[in-house]
1. Taking interchain pairs and intrachain pairs at least six residues apart, which have beta carbon atoms under 7 angstrom, with the first residue in segment 34-49 and within 19 Å of Trp118 (Cβ to Cβ) and the second assigned to a loop (DSSP other than H, G, I, E, B) and not aromatic (Phe, Trp, Tyr)?
2. Can you name the residue in segment 97-142 that is aliphatic (A, V, I, L, M) and assigned to a strand (DSSP E or B) and, of all such residues, is nearest to Ile64 (Cα to Cα)?
3. Would you pick out the residues in segment 44-96 that are among the polar types (S, T, N, Q), assigned to a strand (DSSP E or B) and surrounded by fewer than 20 Cβ atoms within 10 Å (Cβ to Cβ)?
4. Somewhere in segment 136-145, is a residue modelled with pLDDT of 95 or more and either β-branched (Val, Ile, Thr) or buried (at least 20 other Cβ atoms within 10 Å of the Cβ) (or both)?
5. Considering every residue within segment 33-43, establish whether at least one is within 13 Å of Asn87 (Cα to Cα), within 18 Å of the chain's Cα centre (by Cα) and surrounded by 11 or more Cβ atoms within 10 Å (Cβ to Cβ).
6. For residues that are surrounded by 21 or more Cβ atoms within 10 Å (Cβ to Cβ) and out of contact with any Cys (no Cβ under 8 Å at 6 or more places or on another chain), scanning just segment 114-129, find the one that is nearest to Arg28 (Cα to Cα).
7. In segment 105-153, which residues are without any contact (Cβ under 8 Å) to a residue 60 or more places away in the chain and β-branched (Val, Ile, Thr)?
8. Kindly indicate whether Pro109 is at pLDDT 95 or above, farther than 17 Å from Ala44 by Cβ, surrounded by 20 or more Cβ atoms within 10 Å (Cβ to Cβ) and in contact with a Phe, Trp or Tyr (Cβ under 9 Å, 6 or more places away or on another chain).
Amino acid sequence: MVKSSDGPSLLGQHVPLPASPEEAELDRVPNPRADADYLARFTAPEFTSLCPVTGQPDFAHLVIDYAPKKWLVESKSLKLYLGSFRNHGAFHEDCTVRIGMDLANLLQPKFLRIGGYWYPRGGMPIDVFWQTGKPPKGLWLPDQGVPPYRGRG
């Protein structure tokens with residue numbers, strides 16, 4: 001289970017990569033612009049996890065967009081949390097949706113979406129998308145900028 005605190009507990013110290021998402025700690029900090037509707041984006045172009053059947057590594061390009069309310073996710077804790085999936089066995093859909101839900105539960109944002117653009121497994125790429133609902137009216141929601149998989153052609 002993701003632990004949370006209301007302040008950065010990982011900043012300024014050496015912190016080893018958590019062994020699993022269950023051991024990871026996500027920190028949140030107060031949003032100094034909670035009165036504004038804006039979008040924050042985190043991109044993880046080298047996300048890895050393990051296939052739960054074969055144990056082989058899976059690779060994805062993750063794009064996380066959210067419109068914060070009261071809280072922001074602290075970026076070092078997010079980096080460590082995402083890295084904790086490196087030895088975690090789960091299907092693409094489960095990893096993508098779990099990350100989105102964990103962040104939504106922690107932050108209670110106005111809006112959150114995640115795109116998981118997975119590289120081929122068994123010759124077929126799998127893209128997974130999840131969001132909390134509709135974005136606030138007037139919020140600029142740019143394209144996630146990840147082209148569809150084309151192989152070598």
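1. These pairs meet every condition: Ser49/His88; Ser49/Ala90.
2. Initial filter on segment 97-142 (aliphatic (A, V, I, L, M)): 97, 99, 101, 103-104, 106-107, 112, 114, 124, 126, 128, 139, 141.
Filter once more, so that each one left must be assigned to a strand (DSSP E or B): 112, 114, 124, 126, 128.
Details: Leu112: 7, Ile114: 4, Met124: 23, Ile126: 17, Val128: 12 Å.
Result: Ile114.
3. Of the residues in segment 44-96, the ones among the polar types (S, T, N, Q) are 48-49, 54, 56, 75, 77, 84, 87, 96.
Add one more test, that the residue is assigned to a strand (DSSP E or B), and what stays is 48-49.
Result: Thr48, single match.
4. no
5. no
6. Ile114
7. Across segment 105-153, the qualifying residues are Ile114, Ile126, Val128, Thr132.
8. yes
The values are calculated or read from the model by the stated rules, or taken from the named source; none is laboratory data. Being a predicted model, the structure only gives us computed values, none of them experimental. Because the Cβ atoms are built from the backbone with ideal geometry, glycine has one as well, and the counts that use them run over all protein chains shown.
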